[in-house]
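The values are calculated or read from the model by the stated rules, or taken from the named source; none is laboratory data. This structure is a prediction, so every number in the text was calculated from the model and none was measured. Counting neighbours? That spans all protein chains shown, and the Cβs are built from the backbone with ideal geometry, glycine included. With ligands, DNA and RNA removed, areas are computed over all heavy atoms of the protein, side chains included. Shrake-Rupley method; radii C 1.70, N 1.55, O 1.52, S 1.80 Å.
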Amino acid sequence: MKVPLSWLKEYVDFDLPPEEIASRLTFAGLEVESIEYIGLAPQNGHIDGLPGEERGPKARGLAWDREKIVVGRVFEVLPHPNADRLVLCKLDDGRTIHTVLTGAPNLFPYKGQGPLAKPLKVAYAREGAMLYDGHQPGNVLTTLQRMKIRGVESYSMICSEKELGISADHEGVMILPDDAPAGTPLADYLGDVILDVKINPNMARNANMVGIAREVSALTGRKLRPPSYLFRASGEPLKKHLRIRIQNPEFNPRFTAILLRDVQIGPSPAWMQRRLSRAGMRPINNIVDITNYVMLETGQPLHAFDWDSLAARASGNAVTIITRTARPGETIVTLDGATRTLDDFTVLVCDEKGPLSIAGVMGGAETEVRDTTVNILLEAAAWDYLSIRRTVQAQKLPSEAAFRFSRGVHPAATLRGLGRAAELMRTLGGGIISRDTVDTYPRKAPVVRVDLPMKEVRRLLGVNIPPRKVAQILESLEFVCRVKETPARRRRSGKISDDDLTLQVIAPDHRLDIGTGVVGQADLIEEIARIYGYARIPEVQIADLLPIQRGNPGLEQEEAARDLLVNLGLQEVLTYHLTAPEKEAAVYPPGMEVPAAEYIRLANPIVPERRVMRCSVLASVLETAARNASRTDRLALFELGPVYLPSGKPLPAEPVQLAIVLAGPRESRDWRPSDRTPADFFDLKGILEGVLSGLHVPSPTFESTRDPRFHPGRCAKILVGGTALGVMGQLHPQVAARFEWAGHDLLAAELNFELLRPYLLRQYPVHSISEYPPVLEDLAVVVAEDVPVERVIQKIRSSGGEIVQSVLLFDVYRGEQAGSGNKSLAFALTYQAPDRTLGSTEAEEIRTRIIRALEGDLAGKVRR
Amino acid sequence: MLEQLDTLEQEALAALAQANDPGALAAWKQTYLGRSASLSTFLGDLGKLPAAERPLAGKRGNEVKRTLEAAYAAGEERINAAVLNHALQSEALDVTLPGRPLRRGRLHPSTLILRRIYAIWAEMGFQIYRSPNVELDDYNFTLLNIPPHHPARDMWDTFYTTEEGVLLRTHTSPGQIHAMREFAPAPLRVILPGMCFRYEQITARSEIQFHQVEGLAVGPGITFANLKATLADFARRMFGEGARTQFRADHFPFTEPSMEVDVECFVCGGKGCPVCKFSGWLEILGSGMVHPTVLRNGGYDPKVFSGFAFGMGPERIAMLRHGIEDIRYFWGNDLRFLEQF
């Protein structure tokens, strides 16, 4: 909300600089988002028109030089000798008479009239003044220089609003009110500072000048001076001409109205127009301006009906106002000309014939105030904020009134707004106010009382604030307070401490946000802390005992896996959890039937490619690989994160998956020879073995498998204890091509981390190291091609027994000597006993056992 | 004759000084200490000398021999050292050639900052508690004192799923309810990290997903003064010993009183710069005392227990610390970005 300080000063005196007011409001929860200076200079920091460079926080605007920009008095407008589009103004700047050149169209009507009967007051800039260039878009600073225009010397000018930084208007020069004293620095007459205050939902009561003034009063200790809500009523009573029927008091707790007869529609006075413009509202006419002005001033939005239109609709009967929710399919033409279909939660102000306006949101076209209007029915009502909010959203009709109503306006504000507006209309529009106010108030707002024990204040804030100070703070916000002894707390000594006192508090009738009981206490404590000042509350270390410490084993497992993967040279990526089914289907080769996945779908996706929650982490990592394909020939990526799977319960399962993608040469290019062979299946397998062994997962195995995403002969499932954790291998070349790696081997793995968790032990045993020498020997065996190496190794271990310490495959040979359809495997074996030196006989026996098993069970042939 | 020995000694030592390589040294040894060297011959022929001269000649001859042998040993050492030195000289490298490029794995910047946050809070006794990313409306809003249609809901632009009442959590605060319901009435001190989602245009400043770390302490004597001290401690650990903090009143429906915590800008030291928009302060945390309704929804009696909660954005902190200007870098995963960490 825009708060011109010149307006605010009407309700509270303060002599603090604007920046200090802004800071106090900000620290008290009314954040000042920017400070706009109109003509005045900030106390610190920088705005346009001042020397210096560093822009101050949040500050913008143009400072008017007090010497060079003053009020001028134009007393004659003469034609320019050489130019039809220019005039010469005779101007008195308080010192002397100048001839000022201007092309402003709004001065042309005065041309050649001789000395003006009513001189014009203008903003006059002397040579050297810093102004905005009126002819350039935006705010471009320029210095006024002496020059000759069409043979006439010009060294000064009459300014437009744009040139002064007041508005974007450059249609003509600004005409000041007649009371402006010539020669006065313009900054003194017109200067202002506008605070742009952010109104949080809990501060709805402060979305008005009186509200902000109340806060300033509480924060500065200066007295609040609210406007008078009294009005002079002399007209005919309204009661017999108007009936109010409220059908849903829960949506419309109060409806008040007053009638003004014989109003003269015209422009509102300059001071009101100026205040409205500075607060961000466009002046229209006195009646509309007054409803807006009073809304900005008191927070109560008002609506003005053309009374004669209402009376005409009632065809001679008393006007009956009915407030009710809309009927199915009901429509209204609003004053913006749009025909709107209404929802059943929308509340309408109607008469017997139909809807007149959307309550609290927008008036109807038929009964709006026009230039010809003479009699006005002024409405001030209270509406349920939730219903207004829904209507605003459904009709997409945000407005200043809806902003306030949708955050809550207290029903007590109605009469204040009504009285203030009626009196302004009477004094500024010349109307006669009906002798009575029609006030229908079926649902009275409860008076909120809260008992606040002083020890509660200390319990929550951790600081002792004297009861008198607490009461003073609350009273400064218009709470009514009474200090009482807390019942049954008087001590034996008879002495009363602050802790024995309770404040009995009654909330003022502009607040809807104060609860009762313990919630009400918290609401009050917030007010106390806010006004007392957060900065004054000390920093005190927690005195409570440390709760039982637990740790988070699940997270620790994930972080351990991350560390291992990073140690193995992989880059972690984190990707969007939102995706599209077709993006995930891309991990299958084209034409392949994609297994149907059930997705968690968004009801309101922001972009189509992020409309479901992902089911595959691998797809996301592959997307990352694709995005980096043009920038690198080599990558090793992993992501460990959740996928989202329907679970049959309201919330999906969120199992964690691990995905790895590997591509490109093993080593990067170097000035020395490096291993530039592309990473293959076994590089990836080595990484997985490294991670699994690093996590101390017992004996993982790999088994050939088929998966449509992978190369049919280069794909394995990863098994631990009989559970398949996932799949790994070389991606199908058509899949690699889909992810921008055509012609390259793309290796990928996908593991369900949840299935791995049961095998992640907190403790694992470490074996002692044998003191006795090992026996080392090589063993080469020829087996059929289809015998997996893993089986050969298992056979060696099972037949050799525990004494076989290690089995290292160091060569695989295929060729003539192995025979066609065979392969020769060469192993380095280590035998070692924990408790003795192995003799050659024993070693020979082990070897014999192994050979027998390999030859007998696997039809192998051991080279002797 | 003794003069002959003196001459021989001098000549030999002079010759040795000229020997500068192993070959010359071997030749010298052959010449002066070899079997047919004149000294050997002299010593072998001692017996032929008159008996009176023999002792003196023998003593002097052996003396010369020992001198030459010692000189030889020294010479050998000198020459070996020279040979080695020469060899080493020839092995000199251009030390400016690049080192062997090894593949270094890296954690994602979000993981790095999260771990730092975890570590600081762990030392302060705050354990990690996680809760689902896809949440019930109740947990994300209603139980946090944000009823349906309440204007406070405008503070969060929400992704809803097609399942009624199920949404993507907009903050980690629903974890507060989960944690409290699990531990009440025992006192509680946790942080709640995790991914959050907002219905927002993806721009340099806003993303549809981001991490949040929320903190929650509930106990019989937790105060606003405790909250200030705890967050000031965190700021010093996170941003440096001298980091100053300031506390501004703000509004969150689930805390009361609520506040925004600023840390003095560590880019300019509080003097004002574009990063802090010339205010000298950076907005880092939202926090407050847990609202009595939320405490009650969590299973604590608000008349007996009190608590504080706070929340921060790890990506925002990382952006401030590293001068990252575009939040889209985080999920863009351009290796040129990731490899800078």
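Can you tell me the orientation of helix A:18-27 relative to chain A, as the angle in degrees between its alpha-carbon axis and the longest Cα principal axis, to the nearest 10?
50
What's the average, rounded to a whole number, of partner chain beta-carbon atoms within 10 Å of each residue's beta-carbon in A:534-541?
6
Taking the Cα centroid of region A:2-36 and of region A:768-794, what is the distance between the two, rounded to the nearest whole Å?
84
Convert each backbone phi in region A:141-154 into a coupling constant with the Karplus relation 6.51 cos²θ - 1.76 cosθ + 1.60 (shift: θ = phi - 60°), then list the ³J(HN,Hα) values in order as whole Hz, x for Gly and Pro.
6, 8, 10, 5, 10, 6, 7, 10, 10, 6, x, 10, 6, 10
Please compute the net charge surrounding residue A:781, taking Lys and Arg as +1 and Asp and Glu as -1 over other residues with Cβ under 10 Å from its Cβ.
Net of charged neighbours comes to +3.
Can you tell me, using C-alpha contacts under 8 Å and at least 6 residues apart, the relative contact order of chain B as a whole percent?
Averaging sequence separation for qualifying contacts and normalising by length gives 15 percent for chain B.
So, how do all the Cα-to-Cα distances of region A:616-701 break down into 5 Å bins, in percent, from 0 on up?
Here the calculated profile for region A:616-701 is 3, 12, 16, 18, 18, 14, 10, 6, 2, 1, 1, 0.
I'd like the distance between the alpha-carbon centres of region A:500-551 and region A:813-828, rounded to an integer number of Å.
82
Straight-line reach from residue A:2: which lysines have Cα under 16 Å away, leaving out those fewer than 8 places along the same chain?
Of all the lysines, those that pass the test against residue A:2 - Cα under 16 Å, at least 8 places apart if same chain - are A:58, A:198.
Counting each pair of different Cα atoms once, what's the Kirkwood radius of chain B in Å, rounded to one decimal?
Value: 26.7 Å, from the Cα pair sum.
Mind checking region B:224-272 for trypsin sites (Lys or Arg not before Pro) that DSSP puts in a loop (not H, G, I, E or B) and that have at most 13 other Cβ atoms within 10 Å?
The qualifying sites are B:271.
Relative contact order of region B:2-90, please, whole-number percent, based on alpha carbon pairs below 8 angstrom and at least 6 residues apart.
37
Semi-axes, largest first, in whole Å: what does sqrt of 5 times each Cα gyration tensor eigenvalue give for the protein assembly as shown?
84, 44, 33
How far is the Cα center of region A:621-698 from the Cα center of region B:205-259, in Å?
If you average the Cα positions of each part, the centres end up 37 Å apart.
Can you send over the solvent-accessible area of residue A:9, 1.4 Å probe, protein chains only, in Å² to the nearest 10?
About 100 Å², ignoring ligands and nucleic acids.
I want the local charge near residue B:114. Using Cβ-Cβ distances under 14 Å, sum +1 for each Lys or Arg and -1 for each Asp or Glu among the other residues.
Counting the neighbours of residue B:114, the net charge comes to -1.
What average number of partner chain Cβ atoms lie no more than 10 Å from the Cβ of the residues making up A:636-647?
That average works out to 2.
Probe of 1.4 angstrom, ligands and nucleic acids ignored: what's the accessible area per residue over chain B, in square angstrom?
It amounts to 44 Å² per residue over chain B.
Taking the 0 to 90 degree range and rounding to the nearest ten, how far is the long axis of helix A:617-628 tilted relative to the main principal axis of chain A, both from C-alpha atoms?
Between helix and principal axis, roughly 80 degrees.
Which aspartates and glutamates have a Cα less than 17 Å from the Cα of residue B:59, not counting those fewer than 8 places away in the same chain?
Of all the aspartates and glutamates, those that pass the test against residue B:59 - Cα under 17 Å, at least 8 places apart if same chain - are B:3, B:6, B:9, B:45, B:69.
Among A:696, B:86, what's the order by accessible area (1.4 angstrom probe), most exposed first?
B:86, A:696
Amide H to amide H under 5 Å from residue A:710: which residues, 5+ apart in sequence or cross-chain, H placed 1.01 Å off N in plane?
Here the answer is A:732, since their amide H atoms fall under 5 Å of that of residue A:710.
Sort A:236, B:241, A:740, A:163 by heavy-atom solvent-accessible area, probe 1.4 angstrom, most to least.
Final ranking, largest accessible area leading: B:241, A:740, A:236, A:163.
If I fit a long axis through the Cα atoms of helix B:22-33 and take the longest principal axis of the Cα atoms of chain B, what angle between them do I get, 0 to 90°, rounded to 10?
Value to nearest ten degrees: 30.
Nothing charged except the Cβ atoms of Lys and Arg (+1) and of Asp and Glu (-1): what's the magnitude of the dipole of the protein assembly as shown about its Cα centre? Round to the nearest 20 debye.
The calculation lands at about 2740 debye.
If ligands, DNA and RNA are left out, what is the accessible area of residue B:334 with a 1.4 Å probe, given in Å² to the nearest 10?
Looks like 40 Å² after rounding.
Are any of the pairs A:649/A:717; A:795/A:823; A:68/B:277; A:685/A:795; A:717/A:823 more than 27 Å apart by Cα-Cα distance, and if so, which?
A:649/A:717; A:68/B:277
Report, please, the projected area of region B:2-90 averaged over directions, based on the convex hull of its C-alpha atoms, in nm².
5.6
Once the other residues with Cβ under 13 Å from the Cβ of residue A:595 are scored (Lys, Arg +1; Asp, Glu -1), what is the net sum?
-3
Can you list residues from other chains, or at least 5 along the same chain, whose modelled amide H is less than 5 Å from the amide H of residue A:780?
It is A:827, A:863, by chain and number.
Non-local amide H neighbours of residue B:291 (under 5 Å, H modeled in plane, Pro and chain starts lacking H): which ones?
B:255, B:256
For region B:1-99, state which trypsin sites (Lys or Arg not before Pro) are in a DSSP loop and have at most 16 other beta carbons lying within 10 Å of their beta carbon.
Hits after loop and neighbour filter: B:35.
What do you get for GluC sites (Glu not before Pro) in region A:765-864 restricted to DSSP loop and a cutoff of at most 13 other Cβ within 10 Å of the site's Cβ?
Taking region A:765-864 and a limit of 13 other Cβ atoms within 10 Å, the loop GluC sites (Glu not before Pro) found are A:771, A:785, A:802.
Starting from the Cα of residue A:444, draw a straight line to each of the aspartates and glutamates and keep only those under 17 Å, dropping any in the same chain fewer than 8 residues away.
Hits, sequence-local ones excluded: A:250, A:384, A:509, A:513.
Would you mind giving the mean number of other chain beta-carbons within 10 Å of the Cβ of each residue in A:757-766, as a whole number?
0
Send over the semi-axes of region A:563-688's equivalent ellipsoid, whole angstrom and largest first, taken as the square roots of 5 times the C-alpha gyration tensor eigenvalues.
32, 16, 13
Classify region B:118-277: rounded, prolate or oblate, from the alpha-carbon gyration tensor (a ≥ b ≥ c, eigenvalue square roots; a/c under 1.5 rounded; otherwise prolate if a/b is larger than b/c)?
Oblate shape, in that a/c is at least 1.5 and b/c is the bigger or equal ratio.
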